[in-house]
Each structure stands twice: as C-alpha cells, then as structure tokens.
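Notes follow the structure.
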Amino acid sequence: MGTEGRINVNAGPGEGPAVRMPGLQLYTRKVGSEQTGGAFSLFEVEVGPGGGDGPHVQHREDECFYVIEGRFEFVVEGDGIEAGTGSLVYATRGELHAFENVGEAVGRLLVLHTPGGSHERFVQEVGEPVAFGVGFANEGSASPAEGAPEAGRLARSAAEYGIELVPPP
C-alpha cells in the first residue's frame, strides 16, 4: 500500500486549534476532514459543569461521543443515557440528540463526526478562537465565550451546515 497523499497526524494533549463554543464548551480539533480525505473529523471537547449541547439534529453527519472523564447525560431520540468515563454514545444523522455535563467538574469527551466537514466548519465559524494550551483547568473560569453568537445567528449558521437546532420542550 502506498503512502501517496497520506498526512500523518500527531496531536498531543492540548494540541490542535481550539475554539470556545456556547454551552461552556472548548473544542480542540485533533484531526480535521482535510487530513482524512473527508472521512471524519475528531475533536476533544471540554465541557464545564452544567454545559453541553441542547437538542439538535445533524442532517449530514453521524456523531459519536466517547467520555474521557466526567459524568454526562445524553438524550438520543427521547431515550435518556447516563454516561460516565469510558462510555460511548452514538447518534446517527437525522436523530434528535443532546447532552449535558451533570458532574461537578469539567468533563472531557472525544467527539467524532462522520463524514467530516460540515460540523467542523460550523465550529470554526461560530467558535471564538483561543490561545494554545488554554483550557478550563488553567483558565480559572468555565464561563461561556464572551460575545457568543446570539441565538438567531447561531441557528442560521447551524442550518447552513445541516444542523437543526430544536427548542427544548
């Protein structure tokens, strides 16, 4: 097997472009779709206590969550799922899902999107870039991004990338 066109990736702890997202989240891209031929993208996501993603549907990508540390509650198509360290939760495209960090400390997830691209570009567009090595643990605060996009603009941006934000019941 040849290695033509192959891109090696080695992203250590805290390495990769990072952005603050609404919902007390810090997304660090570990591998982007341009590095995988569009097959997938992978993020390490730090989520502050009480933070997470509200109900939404991704119409273009499947989303897989692996809990590195912490306690999360997921809802996928109305089913509640308690997920602690080592748990994996998978939502296929078209499924309504949400999650929340229900622990008392910052939780960490690996989040995989297949195929890669749409969600990755959404995160880049609406997220607030942060300096290398800035995370909840060494920042001193798990506050939402300052200047986070207002709800209407966030929903419009999400729709452009095949993400439907659903108001909570």
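Summary of values
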{"read-out": "Neighbourhood charge, 14 Å Cβ-Cβ cut-off, centred on Gly103 and excluding it, Lys, Arg +1 and Asp, Glu -1", "value": "-4"}
{"read-out": "For region 78-83, Karplus couplings with θ = phi - 60° (6.51, -1.76, 1.60), whole Hz, Gly/Pro x", "value": "x, 8, x, 10, 7, 9"}
{"read-out": "Cβ-based exposure ranking for Arg156, Arg20, Arg93, Arg29, in which fewest neighbours within 10 Å come first", "value": "Arg156, Arg93, Arg29, Arg20"}
{"read-out": "Derived scalar couplings ³J(HN,Hα) [region 95-101; Karplus, 6.51 cos²θ - 1.76 cosθ + 1.60; whole Hz; x for Gly, Pro]", "value": "8, 6, 8, 7, 8, 9, 6"}
{"read-out": "5 angstrom amide H check on Leu96, placed H, neighbours 5+ away", "value": "Glu77"}
{"read-out": "Built amide H within the under 5 Å cut-off of Val106, gap 5+", "value": "none"}
{"read-out": "Least to most buried among Asp62, Asp53, Asp79 (fewest other Cβ within 10 Å first)", "value": "Asp79, Asp62, Asp53"}
{"read-out": "Sorted by Cβ neighbour density within 10 Å, fewest at the top, the residues Ile163, Ile68", "value": "Ile68, Ile163"}
{"read-out": "Ranked packing of 44-52, 121-129, most packed first, by mean Cβ within 10 Å", "value": "44-52, 121-129"}
{"read-out": "Karplus (6.51, -1.76, 1.60) ³J(HN,Hα), θ = phi - 60°, over region 162-169, in Hz, Gly and Pro reported as x", "value": "x, 10, 9, 7, 10, x, x, x"}
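Every read-out reported here was derived from the displayed coordinates using simple, explicitly stated rules and does not represent laboratory data. Model, not experiment: these values are computed from the prediction. Virtual Cβ from ideal backbone geometry, glycine too; neighbours counted across all protein chains shown.
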